[in-house]
Amino acid sequence: MPMFKLRNYQDEASDAVIQDWQDGIQNVLVALPTGTGKTEVGLYILKKIMKPGQRALWIAHRDELLQQAEGRFKRRWPEAVVGIVKAHRNEVDTGVLFGAPSIIVGSIQTLCRPKRLKQLLDVGPIDYLVYDEAHHAVTASGMAMIKGLFEINPNMCHVGLTATPYRMDDKALAAAYGKISYQMNIQKAISDGWLCPIDGQQIETGVELGNVQTSKGDYVAKQLEDVLDAAGWVDMVADGVVKFAPDMHHICYTAGVSSAERLAEALNERGITAAHINANTPTQERRDLLDKFRRKEIQAITNVGILTEGFDAPSADCVVMARPTKSNSLFTQMLGRVLRIEPGKERALALLFCTTEATILDITDLGKSKELKEAEEAAAEVAVEGVSGALPLFDVNTINGVGLYAKVVGLFSSSSAAWYNDGATFSVGLGMTDGFERTLVIVHLHDEWVLYGVGRGCKTKRNEDGVKNKQLGPWKSAVITSSDSFEDVMDRATELVDQYGLPILSTKNSSWRRDPASVGQLRMLGKWIHAFPGITKGDAARLISHHIALDVLKKDGARL
């Protein structure tokens with residue numbers, strides 16, 4: 001059967017992963033926007049590299065993703081033998097019996113159980129792991145499963161597929177991935193014609209969210225829904241849909257199940273056929289409703305989070321953002337549902353219902369603002385080489401990172417310094433010069449940027465035998481400067497890097513950074529995260545400097 005034809009970027013992505021594997025980097029990431037065919041990339045990687053008798057495991061966390069992968073393998077690669085490991089299904093040895101490449105499509109909820117993982121590995125080791133929606137890989141269950149696979153086969157190669165290479169709960173993806181092999185941002189996918197252009201309609205509501213607490217990087221759901229309900233949110237959203245997008249095909253995201261149900265009712269009352277789904281909707285009923293939605297028999301579908309991953313409906317052209325969020329990942333997933341291209345679909349629309357506490361994630365004018373133009377210019381400067389070591393990435397792979405944040409990424413990636421970003425803070429280790437070891441940390445606090453310096457003294461003395469010994473002083477921290485202008489803070493940081501940075505340590509393009517992390521680095525990283533084989537010396541050095549600096553700042557009571 002002839003090889004199916006990939007898009008140019010899919011071909012480049014698959015080749016980049018295989019090259020990194022061949023170079024000894026075992027844990028890599030591919031970051032592509034929703035709707036650009038990450039499944040095809042993963043499938044093609046396996047089809048190109050696997051040999052008869054080898055086994056690959058394809059992991060996902062939702063039934064829709066498992067079905068999608070199983071169907072795609074059977075259509076694209078019928079020579080391979082596909083088995084399912086999920087709930088009562090335990091097809092772990094089919095490929096072995098036939099001597100063909102064996103693909104096990106498995107649920108993380110099933111394979112995180114030691115008994116089921118043992119049954120899988122009793123048949124033989126896994127040669128290749130593909131983790132779909134890889135931002136979930138650093139959960140406790142994901143990490144435990146990956147660790148179990150590597151214990152049986154230390155030479156296993158692992159690729160994660162994601163549209164959102166960052167998390168809001170401070171769990172760094174560098175714990176599972178040593179490098180981003182390939183990435184493409186939404187803006188490029190749109191400009192190249194692979195995704196649909198999108199406009200944003202900002203709708204002011206005047207709702208106050210100042211008293212809603214935050215947990216794991218986002219609003220506490222119950223509190224959020226209660227505050228929105230008290231303000232008559234559902235009716236405001238329904239009226240906004242009717243006013244600004246009465247004839248479009250809507251996917252609506254709300255703060256809770258109750259509001260999703262009531263929004264569907266409100267839309268029906270206003271003449272827009274709507275239905276809602278939630279985690280308790282029976283599987284067949286959910287499939288039937290979504291099929292009706294795809295056929296446009298239903299004009300709007302409401303939900304909380306069921307449709308953020310693993311759902312394709314190219315005809316959908318309006319996303320109703322009725323769920324205020326601080327999460328880059330969630331915002332991007334919701335937005336991506338309406339970006340798929342379809343004949344006759346010229347543009348998509350995001351209805352952004354804003355609150356007085358709104359952030360850049362929910363007030364940005366996606367199509368018209370001056371900030372967007374500036375951000376796109378800055379984002380265009382972002383090269384893969386400039387950010388591939390900084391996991392998780394800030395907004396280079398999303399369209400919501402417009403204005404200030406995309407500009408921040410542009411500034412950092414154009415810098416020659418080895419900056420690291422964990423989604424909240426930026427840091428760069430300067431090494432040891434003039435008898436001091438230093439790290440710079442930049443934090444965004446409320447309306448200003450703060451540059452901290454973290455350092456300690458270091459003296460070298462010879463003992464009686466002439467052997468050099470280092471005497472290290474205590475770590476200390478201080479505020480160097482602060483400003484509401486990021487450029488001002490970055491300019492000062494650049495001056496300090498130039499003045500005090502040891503080039504071989506502070507420069508991101510130093511050749512040593514590409515070597516595998518040392519045993520000592522991995523041991524030290526174990527204080528904060530579990531880093532698997534494949535992480536480079538450069539990435540390990542960034543992580544170590546970053547975590548030491550944050551620990552010192554927290555100890556000193558710094559605002560973070």
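The values are calculated or read from the model by the stated rules, or taken from the named source; none is laboratory data. Only a predicted model underlies this, so the values are computations on that prediction, with no experimental measurement involved. Don't worry about glycine lacking a Cβ; one is built from the backbone with ideal geometry, like all the others, and counts go over all protein chains shown.
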Kindly indicate whether Q223 is more than 21 Å from H250 (Cβ to Cβ) and either of a type in the set (G, A, S) or surrounded by 12 or more Cβ atoms within 10 Å (Cβ to Cβ) (or both).
-> yes
Does at least one position in region 142-156 carry a residue that is within 30 Å of A245 (Cβ to Cβ) and at pLDDT 80 or above?
-> no
Do we find a residue being of a type outside the set (F, W, Y), assigned by TED's automatic domain parsing to the domain that holds V123, modelled with pLDDT of 85 or more and touching a helix residue (DSSP H, G or I) at 6+ places or on another chain (Cβ under 8 Å) anywhere in region 19-27?
-> no
Can you list the strands (runs of 3 or more DSSP E) found entirely within region 186-292 that contain at least 3 residues being more than 25 Å from the chain's Cα centre (by Cα)?
-> 198-207, 274-276
What residue, among those in region 521-556 that are at pLDDT 85 or above and surrounded by fewer than 17 Cβ atoms within 10 Å (Cβ to Cβ), is nearest to V138 (Cα to Cα)?
-> D551
Sole miss for V319 among (1) part of a loop (DSSP other than H, G, I, E, B); (2) under 28 Å from the mean Cα position of the chain (by Cα) is condition (1)
Can you confirm whether region 57-78 contains a residue that is within 30 Å of S518 (Cα to Cα) and surrounded by fewer than 20 Cβ atoms within 10 Å (Cβ to Cβ)?
-> no
Here are N211, N153: which of them is in the same structural domain as G35 (by TED's automatic domain parsing), surrounded by fewer than 17 Cβ atoms within 10 Å (Cβ to Cβ) and not aliphatic (A, V, I, L, M)?
-> N153
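I'm checking my understanding of the structure. Among residues of region 505-520 that are within 19 Å of V454 (Cα to Cα) and part of a helix (DSSP H, G or I), which one is modelled with the lowest pLDDT?
Residue satisfying both the conditions and the ranking: S506.
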Residue by residue through region 1-57, note down the ones that are free of Cβ contacts under 8 Å to residues at least 12 places away in the same chain, over 24 Å from D539 (Cα atoms) and part of a loop (DSSP other than H, G, I, E, B).
-> P2, K5
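Which one is surrounded by the most Cβ atoms within 10 Å (Cβ to Cβ) among residues in region 322-342 that are of a type outside the set (A, V, I, L, M) and assigned to a helix (DSSP H, G or I)? Outline the logic, then answer.
To start, the set of residues in region 322-342 that are of a type outside the set (A, V, I, L, M) comprises 323-329, 331-333, 336-337, 340, 342.
From what's left, assigned to a helix (DSSP H, G or I): 328-329, 331-333, 336.
Numbers: N328: 28, S329: 24, F331: 30, T332: 23, Q333: 22, G336: 24.
Step by step, filter region 322-342, then rank; the result is F331.
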Residues of region 102-117 being farther than 12 Å from M145 by Cβ and touching a strand residue (DSSP E or B) at 6+ places or on another chain (Cβ under 7 Å), in sequence order, are S102, I103, I104, V105
